[in-house]
Amino acid sequence: MTRRPFVPDPNSRRRTLLITGGAQRIGRAIALEAARRGWNIVLGYRRSASSARRTSLAIAAQGRFAFPLQLDVTRPASLRRAAQILRRRDIRLDLLVNCAARFEATPIDRTSLAQWKRILAINLAGPFFVVQAMRPLLREGGSVVNIADTAAIVPWTSYSAYAASKAGLLMLTKVLARALAPRLRANAVAPGPMLPTSGVSRAAWRRAVSRTALRRPGRPSDVAAAVLFLADSRFITGQTLLVDGGRHLMG
């Protein structure tokens, strides 16, 4: 199958989103669901070029345009270069989704400064600098959606850096909502257990699911639906939408 080039039609009403971490897992689900609903997709990835290509082909199979874009959210220079590439191609954005993240255990007595910095660089500083670089490309009325986690609300003692980074992301979302208004909006989605993560045992995964009010895991498509709901909700800004099966209710 021949992949179509990304050629925005200035007369088209089709909207365009950029998603970081868009090649795999929840990011991929968001990209595919957005394409199904008629969006053009700029698929941000760092190292997973083969996954980005497969996701792009899946988007093209739906008759939508996909543009894989290599970037590193921890390097502002990389983000500026990515923005320049989009600008040269005359690609403007209606939605920016910060989905790239790092998840690893950081117990208080076994966490190094390097681990702490690495996690916060990707999960908290990354979204800030992505917005900084891409803000000029966002059309008026567009929005930012940050993918957080219920770890931002319910303390995870074995994941201190991850939880702190996601809690910080919720406050950053509020800061962005005020700073970008009235031209742009900013919101967050906080998922609960969706997909098992490497390094997490089956027993730990079952415990996580059992702590939801609904006693079942969510699906990546649930997060995708929440993101696109916020993209279309033109009078909502500064909010966090919990998509966690009631995990926040359980303590």
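Each reported figure results from applying straightforward, stated rules to the coordinates on display, with no laboratory input. Owing to the predicted nature of the structure, the values given are computational and were not obtained by experimental measurement. Here the Cβ is made from the backbone with ideal geometry for all residues, glycine too, and neighbour counts use every protein chain on show.
Yes or no, residue by residue, for (1) more than 19 Å from GLY22 (Cα to Cα); (2) basic (Lys, Arg); (3) surrounded by 15 or more Cβ atoms within 10 Å (Cβ to Cβ); (4) touching a Gly at 6+ places or on another chain (Cβ under 9 Å):
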residue	(1), (2), (3), (4)
LYS117	yes, yes, no, no
ASN123	no, no, yes, yes
PRO136	yes, no, no, no
GLY141	yes, no, no, no
VAL154	yes, no, yes, yes
SER165	yes, no, yes, no
LEU170	yes, no, yes, no
Practice prompt. Report the residue count in the range 72-96 for those that are touching a helix residue (DSSP H, G or I) at 6+ places or on another chain (Cβ under 7 Å), over 21 Å from ARG183 (Cβ atoms) and surrounded by fewer than 22 Cβ atoms within 10 Å (Cβ to Cβ).
Written response: 3
Worksheet item: For the subset of the range 112-156 comprising residues that are in a strand (DSSP E or B) and among the aliphatic types (A, V, I, L, M), which member is farthest from LYS166 (Cα to Cα)?
Response: LEU138
Worksheet item: Within the range 229-248, can you find the residues that are part of a loop (DSSP other than H, G, I, E, B), touching a Lys or Arg at 6+ places or on another chain (Cβ under 8 Å), touching a residue at least 60 places away in the same chain (Cβ under 8 Å) and crowded, with 19+ Cβ neighbours inside 10 Å?
Response: THR237
Worksheet item: Which of the residues belonging to the range 168-223 are closer than 19 Å to ALA34 by Cβ, in contact with a Lys or Arg (Cβ under 9 Å, 6 or more places away or on another chain) and in a helix (DSSP H, G or I)?
Response: PRO220
Worksheet item: From SER50, SER56, which residue is out of contact with any Leu (no Cβ under 9 Å at 6 or more places or on another chain) and assigned to a helix (DSSP H, G or I)?
Response: SER50
